[in-house]
1. Could you please find all residues in region 165-192 being at pLDDT 95 or above and away from ligand 4 (no atom under 16 Å from the Cβ)?
2. For region 188-289, list the helices (runs of 4 or more DSSP H) that sit wholly inside it and hold at least 3 residues that are within 16 Å of ligand 1 (Cβ to nearest atom); which are they?
3. Can you report the number of residues in region 31-75 which are among the polar types (S, T, N, Q) and out of contact with any strand residue (DSSP E or B) (no Cβ under 9 Å at 6 or more places or on another chain)?
4. Only one of these is among the polar types (S, T, N, Q), on the phi < 0 side of the Ramachandran plot and free of Cβ contacts under 8 Å to residues at least 24 places away in the same chain: Ser168, Ser160, Ser150, Ser136. Name it.
5. Looking at Leu271, Leu257, which one is within 16 Å of ligand 4 (Cβ to nearest atom) and within 20 Å of Leu61 (Cβ to Cβ)?
6. With surrounded by fewer than 17 Cβ atoms within 10 Å (Cβ to Cβ), more than 15 Å from the chain's Cα centre (by Cα) and more than 15 Å from ligand 3 (Cβ to nearest atom) as the only criterion, which of Ala264, Ala213, Ala269 stands out?
7. Does Val126 satisfy being touching a residue at least 40 places away in the same chain (Cβ under 8 Å) and out of contact with any strand residue (DSSP E or B) (no Cβ under 7 Å at 6 or more places or on another chain)?
8. Just one of (1) over 24 Å from Leu104 (Cα atoms); (2) touching a residue at least 12 places away in the same chain (Cβ under 8 Å) trips up Thr54, so point out which.
Amino acid sequence: QAKMDGKNTYRLFCDSMEDTMRARLELEQRVRDAVSWQSFELHYQPLLRADNGTCIGFEALLRLTDGEGGFIPPSSFIPVLEAMGHINEVGKWVIEQATATAALWPEPLTVSVNLSVRQFQDGKLVGYVREALRKSGLSAGRLEIEVTESMLMENTENVSSQLRELRSLGVSIAMDDFGTGYSSLGYLWQFGFDKLKIDRSFVSALERNDRQARDILDTIIMLGHKLDMSVTAEGIETDHQAEVLTSLACDHFQGYLYGRPRPASEIPAFLLEGKRKQMAAASSAAPSA
Ligand code: C2E
Ligand code: MG
Ligand code: MG
Ligand code: MG
């Protein structure tokens, strides 16, 4: 009996390994196809001012269709893009596409682009950005680059010198997912980022462990402000989270509560709807007599 169980367990193990490998091969094929057919898409998620709800810009987020009307999450296909050596090519396209799209938006709306550490390795990044700005006509101040803490750990000198070059072009630099890596206060302090984005995990913790989460958020926001950064909270889903973050003087909001990532074609309607809401709020706040 025990022997039988062992055999079954072994077979199950092999089956599940086979499934994992098959899924990986399928994903690699999808990525390969998307690279050769240039069928990646960018979706854009709004960023808002915390004090009055004005939209200040959008974060560009890469999308790969699963062929069935849905999307494969970037957390699973970006590592594959990196491993297959395609992240530079796709990353360059993201920069070109995002700047060209944002150039059509009303000023001073900004666009934020996420970068992988690999994109700093061949020394071409700054040239790509400069060229994309020139081609699109987008002013550098309307482009923001998002990097994570772990990227700075990997190759500090190389990465930070290129970030400084980007900054001297007028591009702003944000520290993304703050608090999830080896929180590198040293880098934050030395480099002088323009913006700190607090990771979603701290925001969602507000529902579960309010007291502690509030203290941590308070501390991070204070730290950001002391170091002359504006602070964005990611992943806001509830009014409660927004209220707490407003009371802690957080500058900018991003999350499903305000808008999901959407194709560029839907942005004009989104902006119009935002204007309408603000006008309705203003007229209901005005004295009636
Ligand atoms: P990120 O830069 O931290 O982007 C924010 C992620 O949070 C996005 O996930 C967004 O859809 C999600 N999000 C925003 N608001 C909410 C919310 O209220 N609730 C929840 N549950 N999620 C929310 P997404 O699009 O799946 O992207 C995941 C990560 O993939 C990004 O995290 C970024 O690190 C990476 N990524 C996306 N696009 C690119 C790209 O073009 N290049 C590179 N190198 N990385 C990218
Ligand atoms: Mg980001
Ligand atoms: Mg983030
Ligand atoms: Mg995040």
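1. Hits for region 165-192 are Glu165, Leu166, Arg167, Ser168, Leu169, Gly170, Val171, Ser172, Ile173.
2. Once the helices (runs of 4 or more DSSP H) in region 188-289 are filtered for at least 3 residues that are within 16 Å of ligand 1 (Cβ to nearest atom), what remains is 200-208, 210-226, 239-247.
3. The initial filter retains those residues of region 31-75 that are among the polar types (S, T, N, Q), namely 36, 38-39, 45, 52, 54, 65, 75.
After this cut, where a residue has to be out of contact with any strand residue (DSSP E or B) (no Cβ under 9 Å at 6 or more places or on another chain) as well, the list is 36, 38, 52, 75.
Adding up the residues that qualify gives 4.
4. Among Ser168, Ser160, Ser150, Ser136, only Ser168 is among the polar types (S, T, N, Q), on the phi < 0 side of the Ramachandran plot and free of Cβ contacts under 8 Å to residues at least 24 places away in the same chain.
5. Values: Leu271 fails: within 16 Å of ligand 4 (Cβ to nearest atom).
Going through Leu271, Leu257 in turn, just one is within 16 Å of ligand 4 (Cβ to nearest atom) and within 20 Å of Leu61 (Cβ to Cβ): Leu257.
6. Residue meeting the stated conditions: Ala269.
7. Here the answer is yes, as Val126 does meet what is asked.
8. Failed condition: (1).
The values are calculated or read from the model by the stated rules, or taken from the named source; none is laboratory data. This one's a predicted model, so the numbers in the text were calculated from it and none came from an experiment. Neighbour counts run over all protein chains shown; Cβ positions are idealised from the backbone, glycine included.
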